[in-house]
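The values are calculated or read from the model by the stated rules, or taken from the named source; none is laboratory data. In this text, all values refer to a predicted model and were calculated from it rather than measured experimentally. Neighbour counts run over all protein chains shown; Cβ positions are idealised from the backbone, glycine included.
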Amino acid sequence: MPLLCHPATPCALPLQLSVRLALTRSGNGDSLQLHYQLCGDVARLRLPAPAQPGPADGLWQHTCFEAFVGVHGERSYREYNFSPSGQWAAYCFHDQRQRDRSTESPVRPLIDLQTGSDTLSLQACLPLAALPLTSPPQPWDLGLSAVIETRDGQLSYWALRHPAERPDFHHRGGWLSPSRLPDLPLPELERP
C-alpha cells in the first residue's frame with residue numbers, strides 16, 4: 001500500500017514509500033508484520049543513529065515509521081512508533097490524542113532495518129497480544145504512516161490518506177477501515 005506525502009510538508013527528494021502487512025505464526029506466537037519500503041535517494045536522509053533497542057519517546061521528531069490500530073467502531077486505539085535506530089514506542093489512547101496510561105503494557109516489537117544505495121526497508125513485528133483484541137474478534141481500523149527527515153532537517157509526513165489541512169496521523173479519516181484492508185495471507189488466523 002503506498003503512503004502519500006502530505007502536501008503541506010513536501011519532500012525535496014523524489015521518494016516512494018509503501019507498506020505491506022502480514023499475519024504470521026511462529027514458535028514465539030502470532031504477530032502482525034509491517035514492512036515499510038522506502039525507495040529513492042535514501043543517502044540524503046537523516047536517520048537516527050543505532051541505539052540500544054528499547055522504548056523511547058519523541059521518535060516521531062525524526063525519521064520514524066508508525067502504525068495506529070483500533071477496533072472498528074470503538075474510539076480507543078493504540079499507536080506504535082518504529083525508529084531506524086532500533087528503538088520503539090507504544091501508546092494507548094481512549095479517544096483521539098487522549099492517552100490512557102492505565103491500559104499501557106510493555107511491548108517489545110522486533111525491528112529489522114536494511115539499507116541499500118536506493119532503498120531503506122524497515123520490518124516491525126508486533127505480537128498480536130500487544131494489539132487491541134476483542135471477544136468475539138472484531139475487525140481493525142489501521143493508520144499507517146511515517147515521518148521522513150532529510151539531511152537538512154526538513155520533515156515530511158506520509159500516510160495512507162491525509163484528511164486534514166495539517167498532518168495528523170491520529171485522525172481516523174486517514175486510516176483504512178476493514179472493508180479497505182487487504183486480505184492478510186493466513187486464513188487460519190482469525191482476523192481480530
Query raised in the report: Which condition breaks for residue 116 when tested against (1) within 16 Å of residue 174 (Cβ to Cβ); (2) surrounded by fewer than 19 Cβ atoms within 10 Å (Cβ to Cβ); (3) not aromatic (Phe, Trp, Tyr)?
Result: (1)
Query raised in the report: Any chance region 71-91 includes a residue that's more than 15 Å from residue 109 (Cα to Cα) and in a strand (DSSP E or B)?
Result: yes
Requested in this report: Please work out if residue 3 is modelled with pLDDT under 90, under 12 Å from the mean Cα position of the chain (by Cα) and not in a loop (DSSP other than H, G, I, E, B).
Outcome: no
Query raised in the report: In region 126-171, how many residues are in a strand (DSSP E or B) and among the small types (Gly, Ala, Ser)?
Result: 5
Report task. Give the residue that is nearest to the chain's Cα centre (by Cα), with candidates limited to residues of region 49-70 that are in a loop (DSSP other than H, G, I, E, B) and modelled with pLDDT of 95 or more. Result -> 63
Report summary line: If you go through 105, 26, 76, the only one that is of a type outside the set (Asp, Glu), farther than 22 Å from residue 119 by Cβ and touching an Asp or Glu at 6+ places or on another chain (Cβ under 8 Å) is 76
Report task. Enumerate the pairs (first residue in region 43-69 and under 9 Å from residue 84 (Cβ atoms) and of a type in the set (A, V, I, L, M, F, W, C); second residue anywhere and in a loop (DSSP other than H, G, I, E, B) and at pLDDT 95 or above) with beta-carbon separation below 6 Å, excluding pairs fewer than 6 apart on the same chain, so at least 6 apart or on different chains. Result -> 47/63; 47/84; 64/83
**Report entry** Subset of region 30-79 [under 23 Å from residue 175 (Cβ atoms) and of a type in the set (Asp, Glu)]
**Finding:** 30, 57, 66, 74, 79
Query raised in the report: Yes or no: residue 13 over 18 Å from the mean Cα position of the chain (by Cα), modelled with pLDDT of 90 or more and part of a loop (DSSP other than H, G, I, E, B)?
Result: yes
Query raised in the report: Across region 96-109, which residue is nearest to residue 84 (Cα to Cα) among those that are loosely packed, with under 15 Cβ neighbours inside 10 Å and not polar (S, T, N, Q)?
Result: 108
Report summary line: Per the filter on region 126-172, residues farther than 24 Å from residue 74 by Cα, within 15 Å of the chain's Cα centre (by Cα) and of a type in the set (A, V, I, L, M, F, W, C) are 147, 148, 158
Report summary line: Inside region 17-26, the number of residues satisfying the requirement of being touching a residue at least 24 places away in the same chain (Cβ under 8 Å) and either exposed (fewer than 14 other Cβ atoms within 10 Å of the Cβ) or among the β-branched types (Val, Ile, Thr) (or both) is 3
Query raised in the report: Name the residues in region 68-97 that are under 23 Å from residue 45 (Cβ atoms) and of a type in the set (Ser, Thr, Tyr), would you?
Result: 80, 83, 85
Requested in this report: Answer yes if at least one residue in region 28-46 is assigned to a loop (DSSP other than H, G, I, E, B), within 11 Å of the chain's Cα centre (by Cα) and of a type in the set (S, T, N, Q), and no otherwise.
Outcome: no
